[in-house]
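Participant: Dumping the structure here so I can ask a few things about it.
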């Protein structure tokens, strides 16, 4: 599966990439909004894995470039979420979307994609 990982925390991002590659996924990763926009257009991911605080920092840019529409048919796993987190107004939910709460382990992220 082709997966795009978005997390500004370099250490955690690389740990997630490593865990997903061990499961034989093709993984592209990025830390910032501009890189995410480019990777999204270039790689056409089958799944996107996103750190919620990183997502929130780029929220205005994503709204401007209508990233929500680009992701409507792509399941997204959001992690490091908080109670009450929603994507209302940003993107229609996908039936395979997952939201994992704060302090999730890297292994849990990899397992949630199975």
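Coordinate-derived values only; no laboratory data. These numbers were taken from a predicted model, which means no experiment stands behind them. All Cβ positions, even for glycine, are placed from backbone atoms using ideal geometry, and neighbour counts span all protein chains on display.
Participant: So for segment 2-112, what are the equivalent ellipsoid semi-axes in whole Å, largest first, each being the square root of 5 times an eigenvalue of the Cα gyration tensor?
Facilitator: 19, 16, 13
Participant: Oh, and also: For the pair residue 42 and residue 73, how long in nm is the line joining their label points, each one 7 Å along Cα→Cβ?
Facilitator: In this crude spin-label approximation the distance works out to 2.2 nm.
Participant: Suppose R0 equals 25 Å; then what is the FRET efficiency for residue 105 and residue 31 from their Cβ-Cβ distance, rounded to the nearest 0.05?
Facilitator: Using R0 = 25 Å, I get an efficiency of 0.80.
Participant: So for 70, 56, fewest C-beta neighbours within 10 Å to most, what's the order?
Facilitator: 56, 70
Participant: Sorting check: for 83-91, 5-13, 23-31, 59-67, which peptide has the highest mean count of neighbouring beta carbons within 10 Å, and how do the rest follow? Please list the in-between numbers first.
Facilitator: Details: 83-91: 11.2, 5-13: 17.7, 23-31: 16.0, 59-67: 14.1.
Ranked by mean Cβ neighbours within 10 Å, highest first: 5-13, 23-31, 59-67, 83-91.
Participant: Which of the peptides 96-104, 43-51 is most tightly packed, and how do the rest follow, judged by the mean count of other Cβ atoms within 10 Å per residue?
Facilitator: 43-51, 96-104
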